[in-house]
Structures are given as structure tokens and as C-alpha cells.
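A.B. asks: Quick one: structure below, then a few questions.
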Amino acid sequence: MKISSLSSWLKSSRRTRAISGVILHSTAGASAASSVAWLRRGDVMASYHYIIERDGAITKCVPTARQAWHAGKSFGWEGENCNGYTVGVAFAHRNDGVERVTAAQETAAEVLIRELMRFEPNLRYISTHRLVSPKRKNDPRMWNFKAFADRFQNELMPWKPASARWNG
């Protein structure tokens with residue numbers, strides 16, 4: 001797996017909690033490069049650890065030792081502020097309800113998450129932005145998260161609030 005790193009990292013802050021999960025997102029952009037350009041704007045206070053392009057190419061945007069700003073107001077398995085205890089992985093994907101996450105993106109995400117599991121001993125959960133920020137976010141759309149999470153049976157637990165549906 002080849003991961004390209006940005007020459008200068010996106011916005012982030014000091015991590016104070018151990019990583020216990022991964023949250024999957026969509027950039028809502030045309031490409032990984034256009035999403036990085038948008039995230040670099042001074043008025044945008046967001047970032048991801050990784051962005052996966054449609055062809056499966058992975059760009060590292062923030063070191064996992066730092067806290068990326070990907071989930072915003074959120075609630076997960078360890079309570080509020082999922083940024084503090086997760087890695088944010090985004091698909092370069094329009095999130096328009098038409099475009100689908102590609103097979104190459106799914107494969108790259110699986111390989112990346114398995115690699116993270118090797119180096120993060122507390123990594124136990126996987127979720128999506130829609131599930132940790134219900135009624136506020138809907139990404140990634142047009143993607144079967146539950147089927148993807150099933151690839152990690154007995155390794156990672158998919159997480160959702162009790163009232164949420166897996167897909168939709």
C-alpha cells in the first residue's frame with residue numbers, strides 16, 4: 001500500500017486520548033486534491049487524517065499522533081468529541097446521493113484500516129460521520145457501511161447510536 005503524504009499537514013491539534021476507532025467520511029469534493037485545497041482555506045476549520053481518491057490512492061493529511069478536525073460536534077462509543085479518540089478517513093466522493101464509493105476506495109480503506117490496527121492497540125470501533133453526527137451530517141451517502149464493516153468481523157465493532165439505521 002502506497003500512501004502519499006502532504007508536504008505540509010492540514011490543521012490539527014494535540015492528541016490527548018488514545019485512538020480507539022475510525023470514522024469514515026466523504027469529502028463532498030471533486031477530488032482529493034480539490035478537497036485538500038478547500039481544507040487549507042483560512043476559514044475552514046476541518047481536516048482528515050487520510051483521504052482516499054476514487055482510484056484508491058491514499059493521501060495522508062494529518063499524522064495520527066495528532067487530532068484531525070473531522071467529526072465536529074459528535075458522539076460515539078467514548079462519548080462526545082469523537083475527534084479526540086478517532087482517526088478520520090475520507091473518501092474523495094461528492095456525497096450527492098448519486099455518486100457511489102468505488103471498489104478501489106473500499107479496498108484501499110480496508111488495507112489502510114488493517115494497517116492502523118497493527119500500530120494502534122486500542123483500535124476497536126468503526127463508524128461513519130452520519131452515525132456519530134446524526135441529523136447534522138449524512139456522509140458517506142450511496143455506500144453500504146454495514147457490508148464494509150462486516151469485513152472486520154471479530155476485529156472491529158461497527159458503532160451506531162441505538163436509534164440509528166445502519167444505512168440510509
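A.B. asks: With an 8 Å cut-off on Cα pairs and a minimum separation of 6 or more residues, tell me the relative contact order of the stretch 30-168 in percent. Let's see the in-between values first.
C.D. replies: Working: 208 pairs, mean separation 29.6, N = 139.
Relative contact order, the stretch 30-168: 21 percent.
A.B. asks: I'd like the antiparallel share, as a percent to the nearest 5, of DSSP beta bridges with both residues in the chain. Don't jump to the answer; show the numbers that get you there.
C.D. replies: Values: 8 of 26 bridges.
Taking every DSSP beta bridge within the chain, about 30 percent pair in antiparallel fashion.
A.B. asks: Return the FRET efficiency for the residue pair Ala37, Asp96: r is the Cβ-Cβ distance, R0 is 25 Å, and the value is rounded to the nearest 0.05.
C.D. replies: Values: r = 19 Å, r/R0 = 0.76.
Between Ala37 and Asp96 the formula returns 0.85.
A.B. asks: Among DSSP beta bridges whose residues both lie in the stretch 47-116, state the antiparallel percentage, nearest 5. Before the final figure, lay out the partial values.
C.D. replies: Numbers: 5 of 8 bridges.
Just about 60 percent of them are antiparallel.
A.B. asks: Taking H placed 1.01 Å from N in the peptide plane, check which residues at least 5 places from Val87 or on another chain put their amide H under 5 Å from its amide H.
C.D. replies: Hits under the 5 Å cutoff: Gly21, Val22, Ile23.
A.B. asks: OK, next. At 7 Å along Cα-to-Cβ for each site, give me the label-to-label distance between Met45 and Ser163 in nm.
C.D. replies: Computed distance between label sites Met45 and Ser163 equals 2.6 nm.
A.B. asks: Where a Cα-Cα gap under 18 Å defines reach, which lysines qualify for Lys146, not counting those fewer than 8 residues away within the same chain?
C.D. replies: Lys137, Lys160
A.B. asks: Could you tell me the ratio Rg/Rh of the stretch 20-70? Both radii from Cα atoms, Rh via Kirkwood. Intermediate results must be reported in sequence, preceding the final value.
C.D. replies: Details: Rg = 10.8 Å, Rh = 11.5 Å.
Taking Rg over the Kirkwood Rh, I get 0.94.
A.B. asks: If the cut-off is 16 Å between C-alpha atoms, which aspartates and glutamates fall inside it for Lys73, apart from same-chain ones fewer than 8 positions away?
C.D. replies: Asp139
A.B. asks: Could you give the length gained by full extension between Glu110 and Asn144, i.e. 0.36 nm per residue of separation minus their alpha carbon distance, to one decimal place?
C.D. replies: Numbers: separation 34, 0.36 × 34 = 12.24 nm, distance 1.38 nm.
Using 0.36 nm per residue and subtracting the Cα-Cα distance, I get 10.9 nm.
A.B. asks: Now, a different point. Springs between alpha-carbon atoms under 10 Å, Gaussian network over the chain: tell me which of Phe152, Phe91, Phe119 tops the mean-square fluctuations.
C.D. replies: Highest fluctuation of the listed residues: Phe119.
A.B. asks: For the chain, modelled as a Gaussian network with Cα springs under 10 Å, which listed residue fluctuates most, Asp150, Asp55, Asp43?
C.D. replies: Asp43
A.B. asks: Gain in length, Ile3 to Arg136, computed as 0.36 nm per residue apart minus the alpha-carbon separation, to one decimal in nm? Don't skip to the answer; put the middle values down first.
C.D. replies: Numbers: separation 133, 0.36 × 133 = 47.88 nm, distance 3.05 nm.
Between Ile3 and Arg136, full extension yields an extra 44.8 nm.
A.B. asks: Which three semi-axes in whole Å describe the equivalent ellipsoid of the stretch 3-158, each the square root of 5 times a Cα gyration tensor eigenvalue, listed largest first?
C.D. replies: On the way: eigenvalues 76, 69, 49 Å².
One finds semi-axes of 20, 19, 16 Å for the stretch 3-158.
A.B. asks: Near Lys2, which aspartates and glutamates are there with a Cα under 16 Å away, not counting those fewer than 8 places off in the same chain?
C.D. replies: Glu53, Asp55, Glu106, Glu110, Glu115
A.B. asks: Separation of the stretch 50-108 and the stretch 120-153 by C-alpha centroid, Å?
C.D. replies: Measuring centre to centre over Cα atoms gives 9 Å.
Bear in mind that the values in this text are calculations on the coordinates, not laboratory data. Quantities reported herein were computed from a predicted structural model and do not represent experimental measurements. Neighbour counts are summed over all protein chains in view; Cβ atoms, including those assigned to glycine, are modelled from backbone coordinates with ideal geometry.
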